[in-house]
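> Handing you this structure, nothing more for now.
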Amino acid sequence: MGRVEDQTNGPLDAGDGTDPDRPLREPTPISRPEVDESAAEYFSRPEGVEGGQDPRRAVAAPHEEERHRAPDPDPALAAAFAPGPDAAPGIERHPGWQDEADAPEPSTPDPWRDPHAAVGFGTPALESPDEPGPVDLSTDARPLTRPRLSLSEVLFERRLSRQALAALVAAVAVVALIAGGIGAVLADSARMLTTSTVRIEDAPTDALRPDNPIGEVAQRVQPAVVSIQVSSPSAQGEGSGLVIDPQGYIVTNNHVATMEGATDRADIDVVFSDGSRVPAELVGTDPATDLAVLKVDDVQGMTVATLGDSGAVEVGEQVVAIGSPLGLVRTVTGGIVSATQRPIALGESTSDGDVVIDAIQTDAAINPGNSGGPLIDASGAVIGINTSIFTQSGGSIGLGFAIPIDDVRDIAAELMTEGEVRHPTIGVNARKADNGNVEGAEIVNVRDGSAAEEGGLREGDIVTRVGDREVHSSDELVVAVRRAGADGDVPVELIRDGSRVELTVRPTLG
């Protein structure tokens, strides 16, 4: 090896790296802090130990051995991380081992190895002085909670402090007071249901009763309303009637007195409101208006009804119907007037001719047996005689119709004096005409020598007015002619071949 020149100090000896002409420095003194004797006991090596990881290491302080001794491994951890019988030291295995054909079957999922495994219980990290040592999870499934205190432990072993015991006693006392209060209330309520003390209050004697106009009207008119019972060898029927004259005349329906036209003569009994029963005779009937008059004799103290003015009746006013519906005498129903001047054909079943009335329509309930009874206004005056009901159910759910008392008065008077009634007529048969443009009564035929023929009416004419009343149907034509009377000429408007024509007709008594 050659000689090396130093740029600053000249040549150096390349043999041992020292300069024989340069003096050597003294070594830097080592600073060693003082070590506490107790620390030395913890951290000093025991005798015969050369390194810090020597397996023969022992704790220098025997009196602290229990405090710093490593705890025994958890059985679950030991089972999870212990090496297999053929594995190299350590917890790791070569990945290629799992690909061997003779690899063992995979073990049950372990929460320490499989993050998707089910959660399980383990031993606590530190042992409790009050609990036994580690728990074997394979044989002991004991929960980790402390056992609850028993009553004897609380009362006799002083496991609770005085303050906690006092609070517990106070809570029990509060609960007992609340429960006692609720029980007292419930017991008092039960006593109220079964008390023997009567607390029902009577209404004061000077209290005002609400107005009862229907009741007052019924009390005033009921004595004049009678029940009529008709019988023959082959049939029997019943209805109602009204006393209209103090001599014993009673008005009712023709279909009541003749049992729907089945007989002209039958045994008729009249039952008054006081229950007395007397026989009656048939004075006369008017099938065209479904009216009849009966007469009883030797009856004292009969109450006669007050007849009103049907021409003054208004739609909406309150009315009362009295009669014997379904055989129940002295039955009162109420309603209003829903229409006036309603032309109604009662049908062939009630007489042997055309039965048409200019009815008062009402929603008061009218059932079989009400026929012949009165329809009364709020003043107690009779404004009509009930005759029929239009219903689809066969009961009282429908519309009732009454013959106006003005017509009843005239017809009954004629029956009482003459025994029969003749009505104005013009001698035509008609039907309802409604072609969308014209509404009226279309003439079907004109009888020879009739008032219609003399007045110039023809078949096919459509009558739209008679006198001062409009005509919208054949029934209304009959009613309008009766209203016009047979006392003189009556103007008639009609449509003939699309043109309006005015004629004059003089009705005659038929």
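> Which value, in Å² rounded to 10, gives the accessible area of residue 417 with a 1.4 Å probe and all protein chains present?
100
> In µm²/s, what is D for region 207-279 at 37 °C and 0.692 mPa s, where D = kT/(6 pi eta Rh) by Stokes-Einstein and Rh is the Kirkwood radius from Cα pairs?
238
> In region 418-510, how does Rg compare with the Kirkwood Rh, expressed as the Rg/Rh ratio over alpha carbon atoms?
Working: Rg = 12.5 Å, Rh = 13.0 Å.
Dividing the radius of gyration by the Kirkwood radius yields 0.96.
> Right, another one. When averaged across all projection directions, what area in nm² does the alpha-carbon convex hull of region 277-364 cover?
On the way: hull surface 30.0 nm².
Its Cα hull, projected and averaged over all orientations, spans 7.5 nm².
> Going by accessible area, probe 1.4 Å, with all protein chains left in place, what is the ranking of 214, 426, largest first?
Working: 214 55, 426 20 Å².
Result, largest first: 214, 426.
> Taking the solvent-accessible surface of protein heavy atoms with a 1.4 Å probe, what is the per residue accessible area of region 319-451 in Å²? Don't jump to the answer; show the numbers that get you there.
Numbers: 5700 Å² over 133 residues.
Spelled out: the 1.4 Å probe surface of region 319-451, per residue, equals 43 Å².
> Next up: If r is the Cβ-Cβ distance from residue 501 to residue 260 and R0 is 45 Å, what FRET efficiency results, to the nearest 0.05?
For residue 501 and residue 260, the calculated efficiency is 0.60.
> With just the Cα atoms defining each centre, how far is region 239-268 from region 290-332? Give it in Å.
13
> Now for a separate question. So if R0 is 25 Å, what FRET efficiency would residue 439 and residue 468 give, r being the distance between their Cβ atoms, rounded to the nearest 0.05?
About 0.90, to the nearest 0.05.
> Across the Cα atoms of region 292-337, what radius of gyration and what greatest pairwise Cα-Cα distance (Dmax) are found, in Å?
Both quantities, over Cα of region 292-337: 14.4, 41 Å.
> Hey, another quick one. Go through 161, 450 and list them by solvent-accessible area, largest first, probe radius 1.4 Å.
Heavy-atom accessible area, descending, gives 161, 450.
> For region 238-321, what size does the Cα cloud have along each of its three principal axes, sorted from largest down, in whole Å?
Sorted from largest, the Cα extents of region 238-321 read 40, 32, 19 Å.
> If you count only protein heavy atoms and use a 1.4 Å probe, how large is the accessible surface of residue 420, to the nearest 10 Å²?
Here the residue's solvent-accessible area equals roughly 120 Å².
> Another question about this same structure. Under a point-charge model restricted to the Cβ atoms of Lys and Arg (+1) and Asp and Glu (-1), what is the dipole moment magnitude of region 404-449 relative to its Cα centre, in debye to the nearest 20?
With Lys and Arg at +1 and Asp and Glu at -1, about 180 debye.
> Let me ask something additional. Over all directions, what mean area does the Cα convex hull of region 357-471 project, stated in square nanometres?
Over all viewing directions, region 357-471 projects a mean Cα-hull area of 10.7 nm².
> How many nm separate the modelled label positions at residue 114 and residue 453, each set 7 Å beyond the Cα in the direction of the Cβ?
Result for the modelled spin labels: 11.9 nm.
> Oh, and also: Multiply the residue gap between residue 295 and residue 78 by 0.36 nm, knock off their C-alpha separation, and tell me the result in nm, one decimal place. Walk me through the numbers on the way to the answer.
Values: separation 217, 0.36 × 217 = 78.12 nm, distance 12.58 nm.
So the extension gain works out to 65.5 nm.
> Shifting gears a bit: I want to check the label-to-label distance for residue 34 and residue 185. Put each point 7 Å from Cα in the C-beta direction and report it in nm to one decimal.
8.1
The values are calculated or read from the model by the stated rules, or taken from the named source; none is laboratory data. Only a predicted model underlies this, so the values are computations on that prediction, with no experimental measurement involved. When we count neighbours, we look across all protein chains shown, and the Cβ atoms used for this are built from the backbone with ideal geometry, even at glycine. These area figures cover heavy atoms from the full protein model, side chains too; ligands, DNA and RNA do not enter into them. Shrake-Rupley method; radii C 1.70, N 1.55, O 1.52, S 1.80 Å.
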